[in-house]
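Q: What follows is a structure written as structure tokens; I'll ask about it next.
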There are 6 protein chains.
Amino acid sequence: MTRRLDLFAPTGVPGLDEILAGGFLRGKTYLVAGEAGCGKTILSVQFLIHGALQGEPGLYIAIDEPTNQLLRGLRLFGWDLGDLISSRKLMFLDMRTHFSKIYMREERKHIEPRYIIEQILNAAKRINAKRLVIDPIAPLVYGGREEDVLYAREFLREMVFAIEKTGELTTVMTSEIPTGSSKLSRFGVEEFLASGIIVLGIEEIYGNVERIMYIRKARWAPVKPSKYVFDIVSGKGIVIREPLSEYLKRVTRARA
Amino acid sequence: MTRRLDLFAPTGVPGLDEILAGGFLRGKTYLVAGEAGCGKTILSVQFLIHGALQGEPGLYIAIDEPTNQLLRGLRLFGWDLGDLISSRKLMFLDMRTHFSKIYMREERKHIEPRYIIEQILNAAKRINAKRLVIDPIAPLVYGGREEDVLYAREFLREMVFAIEKTGELTTVMTSEIPTGSSKLSRFGVEEFLASGIIVLGIEEIYGNVERIMYIRKARWAPVKPSKYVFDIVSGKGIVIREPLSEYLKRVTRARA
Amino acid sequence: MTRRLDLFAPTGVPGLDEILAGGFLRGKTYLVAGEAGCGKTILSVQFLIHGALQGEPGLYIAIDEPTNQLLRGLRLFGWDLGDLISSRKLMFLDMRTHFSKIYMREERKHIEPRYIIEQILNAAKRINAKRLVIDPIAPLVYGGREEDVLYAREFLREMVFAIEKTGELTTVMTSEIPTGSSKLSRFGVEEFLASGIIVLGIEEIYGNVERIMYIRKARWAPVKPSKYVFDIVSGKGIVIREPLSEYLKRVTRARA
Amino acid sequence: MTRRLDLFAPTGVPGLDEILAGGFLRGKTYLVAGEAGCGKTILSVQFLIHGALQGEPGLYIAIDEPTNQLLRGLRLFGWDLGDLISSRKLMFLDMRTHFSKIYMREERKHIEPRYIIEQILNAAKRINAKRLVIDPIAPLVYGGREEDVLYAREFLREMVFAIEKTGELTTVMTSEIPTGSSKLSRFGVEEFLASGIIVLGIEEIYGNVERIMYIRKARWAPVKPSKYVFDIVSGKGIVIREPLSEYLKRVTRARA
Amino acid sequence: MTRRLDLFAPTGVPGLDEILAGGFLRGKTYLVAGEAGCGKTILSVQFLIHGALQGEPGLYIAIDEPTNQLLRGLRLFGWDLGDLISSRKLMFLDMRTHFSKIYMREERKHIEPRYIIEQILNAAKRINAKRLVIDPIAPLVYGGREEDVLYAREFLREMVFAIEKTGELTTVMTSEIPTGSSKLSRFGVEEFLASGIIVLGIEEIYGNVERIMYIRKARWAPVKPSKYVFDIVSGKGIVIREPLSEYLKRVTRARA
Amino acid sequence: MTRRLDLFAPTGVPGLDEILAGGFLRGKTYLVAGEAGCGKTILSVQFLIHGALQGEPGLYIAIDEPTNQLLRGLRLFGWDLGDLISSRKLMFLDMRTHFSKIYMREERKHIEPRYIIEQILNAAKRINAKRLVIDPIAPLVYGGREEDVLYAREFLREMVFAIEKTGELTTVMTSEIPTGSSKLSRFGVEEFLASGIIVLGIEEIYGNVERIMYIRKARWAPVKPSKYVFDIVSGKGIVIREPLSEYLKRVTRARA
């Protein structure tokens, strides 16, 4: 069977597209999971910028941080997105203040999923978006009460199905893994709903602390699970350095 | 005592049938457990295709993903099942939308097990199915509330007994193991109800990430528990590479 | 002090009776614990067959699986018990359907322990049984609700005392250990009530998966706790291969 | 400072009294903790027999097992206590049937601690006991409900204080540690109330399973915490073989 | 892209500013996490003193300890802050007695976040503060009841957003990690809200106990996660000694 | 900066005062934590005796054990405190019977903290105490019910603040760590309230069991966290032997 290259949306991460045999499957949802400070937002924005520069508009849904602060941070990092935003190649949408107010007034009600999904899809339509980032996914569907977990799971399924049904959007959802946990996601279903999972982590190896990217799952793609050492470089984003196995071989020898 | 070969349904996984001394015991239920992205769906469909090509119709019950999306993914993977479906050698049945609606309306009632079991058995009868896959099993019998666990266990027993009573169907149920858990199943009874258990996993060995198949239990069969390294190959599915012990011997020597 | 050999009921497991200095203490209760697929049922039935062939009738209480399915499985394994059953040397009693119905109707009431104990003892009397197997013990006394644990513990004590009071029956109760748990039993008292404990397990050693029998406790007997590697052989059952310490010595040397 | 030898009650365990610099402190309470089948009852009875043979009457409170069964087991083990019992050097008192009935009738009330403590002290007085064993302690003061833990702790304190107040009895309480737990006791206070703690355990060392005695605490005594390998020998009881450190040195060398 | 040095507030910790490529990002919030006795307060005060000496007033919010006791301790340590306080370069504000009273009277009400945030911002304004320390953060927003966790999380977000909105304050919040936990924070959100995370810990290496600083996250900054060995020196505060990897290399060699 | 020696209260433990650069900070609170039988009471009493012999009266608050039993035990250990008590250099105060009665009558009410704190401070005043020991701290402020934890934490803060406010007392609180736990204290705040933490433990090293003292925290003092091997010697108390790192070096070499 032949495989057409336009099936894949290249991620723009040097080295990753080769590993993924082209990039993310167009129209599918990917989970980027990791502890705080591992590079989830960098990877997400890198994915959007790369698309935008190739003519594919991208939509970023900001949950945890106001978009103006995020954009300021990205400028510091060496990414000035002003032009891409004004040319409507990128759109940053704030969806958190809404929830915050609700909780402070103790009016914790189920938010109608349909309403949120429509908001996202309408915004995507307005810029004819081909790429979507929801960073992070959990607070969008969940207020934190134990009894809402079931609801959040169903909400998530609905959302992923609705987004994938459009056939237009390749989506990255990020998942915050609390430090010290071995879980991949908050609700335990994200990892099964996603077509691919990339875990960004940190490992200490003989006293050195290295960033590790774990290609954990790539559904329907001929991709072997694998681990890589990577760096975060200002103005460039995530850059894959070498396979973890090569790194280990090298440092182990150096110590022998 | 002699053993007749028609007792076994070959799985179609190169290497696995030799290990299982023929395949799965006809009429029995097998559990394929694993974390996200380990190949549970690939193995299940491979089992059905292999049967279909040998004239044994197969029924796939899709729980987590709409069948049209699943079929599209399988085409991407190199498996176009159109002909097998139209010749009624394969049937893909959606059983999830039903549950989803129930939960969004908060009408979480016990679903009459008899009704669901009948639906499955009727569909199987319509194509004269010899093979059945339920992928995954947990959401079919369980809505996620703690107080339903007892109910789900009993439901599961009833279902396995009812299916095995027909004497017609060799069944594969898949079980999603949350990442970081050492359990084999959601309710803790699947592993005891099943006649065999295959665990699909991922292990990191000196920085390399390898897929591992663990033949964990094969009731009444002369099969020793064992572990194998395997690959997922587009258009072929799961292919067993070598025993884990051989693999370890080799890579350990290479590093010495 | 001298020890009379008729104090012991030989288990019929090649190698085990030597280790146990004769077998199980007559009139006492033994716990055979293990994860799914470790050979608990094989060992139990082997114990009954061995007795039956020596003229000691045996009663098997089936909890999790209908006896007709169990007998079919045993035939597959190479054990046709038809003659022993018709000559009343073996009796297989189903005690599960009763409970199943109760739960489906949500009528979870405490079942009168006296009634169940009487049923078992009456059946044993009918064939003049000398050996008894309850496989597995937990679902017989427990419906799964947290608040019933206390009740189940007391039920278990009563049952063990009642059975041992007859002085007629050497009993094997099996205990399903959920995979990944380090417990020996569901209620935490079985291990203290039993006169002996045999744990059947699986260990991975350099990539090989081996079955391990752990003689964990043998009350009042001059038996040192110890571990053995064993195999399950069709038509023969459990066969002890060698002490784990010997096995380890050998494979470690082979790798050096 | 001088130390008078009549301060200590020798345990009768070959090797242990040397380690304890004489034995247990007279008038104090000791905790013998361990998993099922580790020798807690053997050590307790050995302590009573040794005292009885030296003219110190001993009282054994049986909680988990009817005394007639226990005595039969001890005979099997090579200990016929008939003479010591009829000469009132040993007394075996059953305290469990009482509780059992209570629970089966669901009449779980707090049992008046004073009543139980008096029963024990009265029995001790009747034979002028110098040694006391409660085997095991937890079920005597606790019915298993979470809300009774506080009560059980206070009950235990009262009992230990009341017994030690008599100044007559050197006491051994046994504590059943569920397999796989790292706790020393059920309520977390026994270990602080006791003047000494002996943990009986089992450790696997290179595939061999050895019994280990851990002298964990010996209050006010010049005893260093230490571990020993021991055996259980029919008719003799517990016999200390060698320090664990010596054992490890030897087996490690044998493997090098 | 160029980076202006006035973007960073140097921490005053010898070695740390080089690692952070200048210090903390002005206007952002940093989390200093660690178990008891690891140097969180020392680092916080060092950060304020360094700023004050360079003309940047600093505000310290004391939660767990009355400020007069804290100041006495700091004098003992070699830091007499009297002059800096009287010249209004440093201000120490007590915010704990308030809460304490509330709890003793059992009047646990939600404290209006706006009120507390205003108090802090007003105090900061009064001395024209550029640096802020809240030591530790959890008791300020949380009374300890499980049902308040959601509230505390939202409170924290509000506070961080309000403080960062002023654009004036570079903030250090400390987080007490209970010994034996692998978490970074009490509520699991602090680590995601903070622009940088420094974990202060203790590690035992071949019997030596060393203080380890882990630069865990430094958002938007070209900083690799890394670990360093550090000392606490009277009158100087925290002083970085060497990278952990160098330390390990050295001590491992010394033992070979 | 100079440091006056009268700032420190020497502990009287040979070796420890050198490590602590003088002893405990006068007027501050120290936590001595450890499992059962690790020497917490020995260290506490040693601290009081040392002070008493130097003219600093000491008060011991006995919580878990009647003081007459404690004093008898100390005599056994080689410490006869009769003279120091009658000369009012030492005072032993019983505070447990009070609580015990309360619980047995099920009248578990919050005890007015002010009342208990006053009792302790009044007793201290009567002998003009300079040193105070509360052994152990948890049962003084806590009845064991989950809902009282918040209360106990606040009680503890109040008590530490009230005692330290007097400026007269150097205090040692002991904390019982349940075996197998990695926590330092019952409520998780003791470790943060204390100015110093000493953990007494037991470690098994190649089969030898050694007592280890871990200087975990010493606030405001130039003390590096460190571990030492120590012994308990009759009539002397705790005696530090050598740093753990030296011990390890030695035993590792001896085995090579």
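The values are calculated or read from the model by the stated rules, or taken from the named source; none is laboratory data. Small disclaimer: the values here were computed from a predicted structure and weren't measured. Note that we place each Cβ from the backbone using ideal geometry, even for glycine, and neighbour counts take in every protein chain shown. All accessible areas refer to the heavy atoms of the entire protein, side chains included, with ligands and DNA or RNA removed. Shrake-Rupley method; radii C 1.70, N 1.55, O 1.52, S 1.80 Å.
Q: Under 24 Å between alpha carbons, and skipping anything fewer than 8 positions from residue A:125 in its own chain: which lysines qualify?
A: Within the straight-line cut-off, residue A:125 pairs with A:28, A:89, A:165.
Q: Note down the net charge around residue B:247, summing +1 for each Lys or Arg and -1 for each Asp or Glu among other residues with Cβ under 15 Å from its Cβ.
A: Computed value for this residue: +2.
Q: Something else about it: Give the interface area between chains B and C as buried accessible surface, both sides summed, probe 1.4 Å, in Å² to the nearest 100.
A: Details: alone 13320 and 13320 Å², together 23270 Å².
In total, chains B and C hide about 3400 Å² from solvent.
Q: Structure shown: which of F:40/F:183; C:217/D:227; D:249/F:227 lie over 19 Å apart, alpha-carbon to alpha-carbon? Numbers along the way, then the final one.
A: Details: F:40/F:183 16 Å; C:217/D:227 21 Å; D:249/F:227 25 Å.
The pairs that break the limit, which is 19 Å between Cα atoms, are C:217/D:227; D:249/F:227.
Q: Which distances in nm, rounded to one decimal and ordered from shortest, link the label point of residue B:123 to the equivalent label points in the other identical copies, with labels set 7 Å from Cα toward Cβ?
A: Between copies, matching label points for residue B:123 lie 3.7, 3.7, 6.4, 6.4, 7.4 nm apart.
Q: Still on this structure: Run lengths n ≥ 4 of DSSP H only: what is the helix-derived mean residue ellipticity at 222 nm for chain B, with -39500 (n - 2.57) per run over all residues, to the nearest 500?
A: Numbers: 10 runs with 94 residues, N = 256.
It lands at -10500 deg cm²/dmol.
Q: Could I ask something else about it? Can you tell me the orientation of helix A:244-255 relative to chain A, as the angle in degrees between its alpha-carbon axis and the longest Cα principal axis, to the nearest 10?
A: Compared with the principal axis, the helix lies near 40 degrees.
Q: If you build a Gaussian network model of chain E, linking Cα atoms that sit under 10 Å apart, which residue out of E:23, E:15, E:82 swings the most?
A: E:82
Q: What net charge is computed for the residues neighbouring residue D:175, neighbours being all others with C-beta under 10 Å from the C-beta of residue D:175, Lys and Arg scored +1, Asp and Glu -1?
A: Net charge in that neighbourhood comes out at -1.
Q: Roughly speaking, what is the centre-to-centre gap between the range C:67-85 and the range D:62-95 when only Cα atoms are used, to the nearest Å?
A: 44
Q: Mind checking the mean number of beta-carbon atoms from other chains within 10 Å of the Cβ atoms in A:59-71?
A: Across the residues of A:59-71, the mean count of other-chain Cβ atoms within 10 Å is 2.
Q: Say R0 is 51 Å: what FRET efficiency, to the nearest 0.05, do residue C:94 and residue A:206 get from their beta-carbon distance?
A: 0.25
Q: Per residue, how much accessible area does chain E have with a 1.4 Å probe, in Å²?
A: The answer is 39 Å² per residue.
Q: Along the range B:117-123, what does the Karplus equation 6.51 cos²θ - 1.76 cosθ + 1.60 (θ = phi - 60°) give for ³J(HN,Hα), rounded to whole Hz, x for Gly and Pro?
A: 4, 4, 3, 5, 5, 5, 4
Q: Which whole number gives the average, over all residues in D:186-192, of C-beta atoms from other chains lying within 10 Å of the residue C-beta?
A: The per-residue average across the peptide is 4.
Q: List the residues, sorted by chain then number, that are 5 or more residues from residue E:241 or on another chain and whose placed amide H is less than 5 Å from its amide H.
A: The answer is E:229, E:230, E:231.
Q: First select every other residue whose beta carbon is under 9 angstrom from the beta carbon of residue F:56; then total the charges, Lys and Arg +1, Asp and Glu -1.
A: So the environment of residue F:56 carries a net charge of +3.
Q: Can you run phi through the Karplus equation (6.51, -1.76, 1.60; θ = phi - 60°) for the range E:167-175 and list ³J(HN,Hα) in whole Hz, with x for Gly and Pro?
A: x, 9, 10, 9, 10, 10, 9, 9, 10
Q: Compare the Cα positions of F:7, F:82, F:207 along the charge dipole of chain F (+1 at Cβ of Lys, Arg; -1 at Cβ of Asp, Glu; about the Cα centre) and return the one farthest towards the positive end.
A: Going by the charge dipole, the pick is F:7.
Q: I need to check one value: relative contact order of chain D, counting alpha carbon pairs closer than 8 Å and at least 6 residues apart, in percent.
A: The value is 27 percent.
Q: Expressed as a whole percentage, what fraction of the accessible surface of the range C:5-255 belongs to carbon and sulfur atoms when a 1.4 Å probe is rolled over the protein heavy atoms?
A: The C+S portion of the solvent-accessible surface of the range C:5-255 is 51 percent.
Q: Taking each residue in E:24-30, count the Cβ atoms of any other chain within 10 Å of its Cβ, then average. What number comes out?
A: Values: counts 0, 2, 0, 2, 3, 0, 0.
Mean shielding by partner chains, rounded to a whole number: 1.
Q: Based on Cβ point charges of +1 for Lys and Arg and -1 for Asp and Glu, what charge dipole magnitude is obtained for the range E:212-253 about its Cα centre, in debye rounded to the nearest 20?
A: 180
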